[in-house]
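All remarks here apply to the structure that follows.
Only the coordinates and a few stated rules stand behind these numbers; no lab work does. Quantities reported herein were computed from a predicted structural model and do not represent experimental measurements. Note that we place each Cβ from the backbone using ideal geometry, even for glycine, and neighbour counts take in every protein chain shown.
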């Protein structure tokens, strides 16, 4: 079998496309697998989470982690649903913050999905929200995909806050007038 130069060019083009796709897939896998779980949860169990984005109506409900391995396909959907809807900007969420909300959910013993008020926020959106509210931090962890604002219809924000504080895995903000809780994967602190 003999190859012409045009055959080699076509083969290289296909190979380049395949390698590019493989590189993108591997970078997604590495970006999720580089994180260590928020909590030392030994074993081979599965970890799931459910939430509805209040702004877009989109949902995620399912397994995002098996043992200590995060699932890249689940995070593709999580990142999409938790995107900045105002700017339609997707950003990778920190898997540790997903661990935190999953553990709080288990602690509360509920099957009801979270209502997601805010996941990732672009710097532009954060600045706009900050100009209208004193409660928005200038260097918000929402801008690095490390924070989530949620509520649960059947469970009070105070009970969500208490569960998150007992976990002591990251920051916990309590907003009783608005009826939501902020959870993040930063240092443990409360407000």
Average Cα contact separation per residue, region 147-191, under 8 Å, 6 or more apart, as relative contact order %: 42 percent
Residues in region 141-164 reached by a label modelled at residue 107 [backbone nitrogen below 16 Å; 7 Å Cα→Cβ]: 148-152, 155-164
Cα centroid separation - region 53-110 against region 126-146, whole Å: 20 Å
Distance between modelled label sites at residue 177 and residue 46, nm, 7 Å Cα→Cβ extension: 4.3 nm
Spin-label pair residue 127/residue 63, simplified geometry with 7 Å Cα→Cβ offset, distance in nm: 4.3 nm
Packing-based order for 51-58, 81-88, using average beta carbon neighbours within 10 Å, highest first: 81-88, 51-58
Region 59-162, relative contact order in percent, only Cα pairs under 8 angstrom and at least six apart counted: 26 percent
Peptides 151-160, 178-187 ordered by average Cβ neighbours within 10 Å, highest first: 178-187, 151-160
